[in-house]
Amino acid sequence: MPDRLPPHNIEAEEAFLGSVMLDNSIVELVTVSPDDFYSERNRLVFESCRSLCKKEVSINEITLAHELSTKGHLEKCGGSTYLTSLVTNCPTSLDYQYYGDIINKLARKRKLITCAEQITSFGYDLVIEADKGIAKADELLLELRKQSNNVEIVTPELRAERAMEHYIALKNKSGGIAVATGLADVDRWLGGGGYPGEFILIGGRAGIGKTTIAKTIANNIGRREQKVLYFSCEMPTQSLTDRDVAGHLGRTIDMIRYGDYDNVDPALFDQIIGDGIESILQTQVYHVDGLISTERIRQTGWQMKQRYGLAAIVVDYLGLLTDEYGRTDAQRIGYISRNLKQIAIDLSVPLFSPVQLNRNLESREDKRPQLYDLRDSGSLEQDADVVLLIYRENYYKQTQDNTTEVIIAKKRQGRANIKVKVYFDEEHQRYCNLQKEF
């Protein structure tokens, strides 16, 4: 049989490296390792990319060339010209996962060939007994399976070891591991707040204040110096800032937004640029707005966690994410829901997301929402760990009572179907514990 080159795809390797240079966060998002590259120069380039990432240095043609040069590898890799070509020939980083999958699969094939060659050598080696040769072959194949991203089987011993580590960590964790929403009665029934890896839906009708309660939770977490990543699909960051400043100063949102402060209230401008701006600096909420997909949430989440730390994510709101999937809206929402749940798990943070409820509930005599009122409820009900449903009587009737029910309709760990009362401060666009704090 004629000699054949091992399976490889240089174009995919180069496109992947170009993607990394366009979007540095990709380095930590994929399972590609330097050894997966067939081309030596591509392997060296990726090693340097990972090295720069660990040093928290931006990856570009200049920094990468310097890193390779310090290791004596720049000329071997084709010099700065090759690095420039990687970016030039890769117009977008959006397909990085596809390139990475190609690299991974072909690397596993090459390892399989190597493994087969070693097993063949056992058969030809007359010194090795057949049974020992088979045992060695089993060991090689087992190691190959371990490296092939197969599903891990957790033995009772490994499970017990991990449980011991987990409970020791809990014992030593001051305040527990839950991330409190700051709405005390809600936190009490949630067991302290949102837990790492939990996907928490906040359901309500249009205009009832889903964004407001999501922003309230984000601000409450951020004021405890825990960092929150807030994705706003519906409102620009400045509009959310207006609400935050109004709430902090105890002024109406209209006064903050209107401008012409000298004629409205001469003292207002000084309050805004003083206490108002200071409150923004003291609240550790990081904002992203515009067109947002689950992939952008995943990438930005990893980047945030590496650079600043991350306690929670808020996505406002689920239905406005730009992901395209399937032929129906139900299929698209299901795809988004599964992705958000996986992001919460991968980043080990609670992920809160408001979601729209069906109009059908308004035709019922009792308009308190139920789980089945979630739009395309099947996937959302299944994927969510916690579902909070918002109900306020004065949303349907002309009353002055802003008492709001937060209905814990689903709680994967613990008791559900609990109604908790909070207060909706409509004038200042925030939710508070029922004992009004202002």
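FYI, it's all coordinate maths here, none of it is from the lab. No experiment lies behind these values; they were computed from the predicted model shown. All Cβ positions, even for glycine, are placed from backbone atoms using ideal geometry, and neighbour counts span all protein chains on display.
How large is ³J(HN,Hα), in whole Hz, for each residue of the stretch 382-387 in order, when computed from phi with the Karplus curve 6.51 cos²θ - 1.76 cosθ + 1.60 and θ = phi - 60°, using x for Gly and Pro?
Computed from phi, the couplings for the stretch 382-387 are 5, 7, 5, 7, 9, 10 Hz.
Would you list D346, D242 from fewest to most Cβ contacts within 10 Å? Can you show the working numbers first?
Details: D346 14, D242 20.
Least to most surrounded, the residues fall as D346, D242.
Below 8 Å between Cα atoms, with a sequence gap of 6+, how large is the relative contact order for the stretch 184-433 in percent?
Numbers: 463 pairs, mean separation 73.9, N = 250.
Over the stretch 184-433, the number comes to 30 percent.
Measure nothing but the geometry: give the 0 to 90° angle between the long axis through the Cα atoms of 61-70 and the longest principal axis through the Cα atoms of the chain, rounded to 10°.
Approximately 50 degrees, to the nearest ten.
For the chain, what is the relative contact order in percent, using Cα pairs closer than 8 Å and at least 6 residues apart in sequence? Walk me through the numbers on the way to the answer.
Details: 660 pairs, mean separation 68.9, N = 438.
Normalised by residue count, the contact order of the chain is 16 percent.
What ³J(HN,Hα) values, in whole Hz, does the Karplus curve 6.51 cos²θ - 1.76 cosθ + 1.60 give for the stretch 110-121 when θ = phi - 60°, with x put for Gly and Pro?
Once θ is set to phi - 60°, the couplings for the stretch 110-121 become 5, 5, 5, 4, 4, 4, 4, 5, 5, 5, 4, 5 Hz.
Among all lysine pairs in the stretch 184-433 that are eight or more places apart or on different chains, how many have alpha carbons less than 16 angstrom apart?
Qualifying lysine pairs in the stretch 184-433: 9.
Just checking my list (i) 91, 51, 49; (ii) 68, 55, 43; (iii) 105, 69, 41 against Cα extents along the principal axes in Å computed from this structure; which label fits?
Recomputing Cα extents along the principal axes in Å here gives the entry labelled (i).
How much length is gained on full extension from Y286 to D95, taking 0.36 nm per residue of separation minus their Cα-Cα distance? Don't skip to the answer; put the middle values down first.
Numbers: separation 191, 0.36 × 191 = 68.76 nm, distance 2.63 nm.
Taking 0.36 nm per residue and subtracting the Cα distance, the gain is 66.1 nm.
What is the angle, in °, between the Cα long axis of helix 329-347 and the longest principal axis of the Cα atoms in the chain? Nearest 10 is fine, range 0 to 90.
70
Compare the Cα positions of S232, S58, G319 along the charge dipole of the chain (+1 at Cβ of Lys, Arg; -1 at Cβ of Asp, Glu; about the Cα centre) and return the one farthest towards the positive end.
My answer, from the dipole projection, is G319.
Per-residue HN-Hα couplings for the stretch 182-195, Karplus 6.51 cos²θ - 1.76 cosθ + 1.60 at θ = phi - 60°, whole Hz, x for Gly and Pro?
x, 8, 4, 5, 5, 4, 4, 7, 8, x, x, x, x, 9
Treat every Asp and Glu Cβ in the stretch 1-144 as -1 and every Lys and Arg Cβ as +1, leave all other atoms uncharged, and give the resulting dipole magnitude about the Cα centre to the nearest 20 debye.
Details: 15 positive and 23 negative charges, 32 e Å.
In total the dipole reaches around 160 debye.
Quick check on the chain: helices-only [θ] at 222 nm, where DSSP H runs of length 4 and up contribute -39,500 (n - 2.57) each and the sum goes over total residues. Nearest 500, please.
On the way: 17 runs with 203 residues, N = 438.
It lands at -14500 deg cm²/dmol.
Give me the log10 of I(q) over I(0) for the stretch 1-144 at q = 0.12 Å⁻¹, as the Debye formula computes it from C-alpha points; what are the numbers?
-0.58
Just tell me which lysines come within less than 27 Å, Cα to Cα, of K109; anything on the same chain fewer than 8 places away is out.
Excluding near neighbours in sequence, the set is K76, K132, K136, K146.
In percent, how large is the relative contact order of the stretch 1-144, given Cα pairs closer than 8 Å and 6 or more residues apart? Before the final figure, lay out each step's value.
Numbers: 141 pairs, mean separation 46.9, N = 144.
Relative contact order comes out at 33 percent.
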